[in-house]
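J.: Have a look at this one before I ask anything.
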Amino acid sequence: MITLALNNGVEMPALGYGVFQTPADETQTAVAEALRVGYRHIDTAAAYFNEAGVGAAIAASDLPREDLFLETKVWVSDYGYDETLHAFDKASTKLGVEQLDLLILHQPAPSRWERVVAAYKALETLYADGKVRAIGVSNFMSDHLDRLLGETSIVPAVNQVEVHPYFQQPAVQAANAEHGILTQAWSPIGGITFYPGWGDGKRSTLEDATVAGIAATHGRTPAQVMLRWHLQQGRSAIPKSVAPSRIAENFAVFDFALTDDEIAAIDALDTGVRGGPDPEAPRDEWFDHVIPEA
Ligand code: NDP
């Protein structure tokens, strides 16, 4: 296990377990398996509609609360000061905990920027009140960070962004580093390049010849090589799987190391082509998605 110190000193397991697209009725079983394998950091979101399943797995486990690192995200329809304070209540109740380890804003939503700033100020209040141990953002580009830092007091601990071999966002990673913000990679093994409905017609990182060659050298899988690449560059990574074999495979990454040349070879695979939604583009329909009460 590798842990990373956030900019406020809080320690976070670098490798977490993500649950985007995990069906609500399968989430408890999947998270229970992840905890059994050894993951101690879970990444969910209000907009995944499965926080209650994560909470059920935590409640059923006999792990001490302090051994777990729980991260979730406020959806844009809950942006605004009072709305985001209430979003914490919804999330913490569904997760069955009094305190969250990391609460982040899911999207920058630049078309409704005042609500974004108000939401972040609510995170600052939750932090000051001890209800969350760290606060952060997701999908923020460099200019979003600059604007946020100019209007708020606490530097985000984490910026969770799309990072995999085919889309590495070096400018965002550099901006994060400059401000002392930890980069956390979503789709760390490139899920968005191949998962059904999103990856159609795209090249899959799992089938990349360079990654496969490095994997063969080490007797490992492409997913394991990509996760090592993140960890050795100091990023947090939160791979998702519902399959017990792949949940275990993605955690078995602490007993081998890539060479500098192998890391450079993966760095060279960046296409600059984003898989996920453009964080700058307005998506008004996102504000219509209602996050249910607990
Ligand atoms: P990942 O890179 O984690 O890939 C997940 C996909 O890969 C799934 O289809 C999974 O299928 C498959 N898979 C998992 N492990 C393996 C393996 N070892 N070999 C082959 N296939 C594998 O993509 P995600 O987009 O899910 O990202 C991970 C997490 O990041 C999410 O769960 C979520 O927590 C977060 N996220 C955040 C976003 C944001 O906007 N902040 C956006 C997207 C994700 P199967 O389950 O069948 O194994």
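J.: Across segment 1-54, which residue is nearest to the ligand (Cβ to nearest atom) among those that are of a type in the set (F, W, Y) and in contact with a helix residue (DSSP H, G or I) (Cβ under 7 Å, 6 or more places away or on another chain)?
T.: The qualifying residue nearest to the ligand (Cβ to nearest atom) is F20.
J.: Identify, please: which residue in segment 251-294 is among the charged types (D, E, K, R), under 22 Å from the mean Cα position of the chain (by Cα) and not in a helix (DSSP H, G or I) and is, among those, modelled with the highest pLDDT?
T.: The qualifying residue modelled with the highest pLDDT is D270.
J.: Kindly establish whether R203 is touching a residue at least 24 places away in the same chain (Cβ under 8 Å), more than 10 Å from the ligand (Cβ to nearest atom) and open to solvent by 70 Å² or more (accessible area, probe 1.4 Å).
T.: Answer is yes for this residue.
J.: Restricting to segment 208-238, what's the tally of residues that are under 16 Å from A268 (Cα atoms), free of Cβ contacts under 8 Å to residues at least 12 places away in the same chain and not hydrophobic (A, V, I, L, M, F, W, C)?
T.: Within segment 208-238, residues that are under 16 Å from A268 (Cα atoms), free of Cβ contacts under 8 Å to residues at least 12 places away in the same chain and not hydrophobic (A, V, I, L, M, F, W, C) number 1.
J.: How many residues are away from the ligand (no atom under 15 Å from the Cβ) and open to solvent by 40 Å² or more (accessible area, probe 1.4 Å) if we restrict to segment 220-253?
T.: Counting residues in segment 220-253 that are away from the ligand (no atom under 15 Å from the Cβ) and open to solvent by 40 Å² or more (accessible area, probe 1.4 Å) gives 2.
J.: Determine, yes or no, whether A216 is away from the ligand (no atom under 13 Å from the Cβ), modelled with pLDDT of 95 or more, more than 28 Å from L145 (Cβ to Cβ) and not acidic (D, E).
T.: Against the criterion (away from the ligand (no atom under 13 Å from the Cβ), modelled with pLDDT of 95 or more, more than 28 Å from L145 (Cβ to Cβ) and not acidic (D, E)), A216 qualifies.
J.: Next question. Restricting attention to segment 158-198, and to residues there that are within 14 Å of the ligand (Cβ to nearest atom) and small (G, A, S), which single residue is most open to solvent (accessible area, probe 1.4 Å)?
T.: Here the residue is G197.
J.: State yes or no: is A32 farther than 30 Å from E285 by Cβ and open to solvent by less than 60 Å² (accessible area, probe 1.4 Å)?
T.: Here the answer is yes, as A32 does meet what is asked.
J.: Would you mind stating whether D278 is acidic (D, E), within 14 Å of the ligand (Cβ to nearest atom), open to solvent by 70 Å² or more (accessible area, probe 1.4 Å) and more than 16 Å from R220 (Cβ to Cβ)?
T.: So D278 fits the description; yes.
The values are calculated or read from the model by the stated rules, or taken from the named source; none is laboratory data. From a predicted model like this one, the values you see are computed outputs, not experimental measurements. Cβ coordinates were reconstructed from backbone atoms using ideal geometry, including for glycine residues, and neighbour counts include every protein chain displayed. Surface areas here come from the heavy atoms of the whole protein model, side chains and all, with no ligands, DNA or RNA. Shrake-Rupley method; radii C 1.70, N 1.55, O 1.52, S 1.80 Å.
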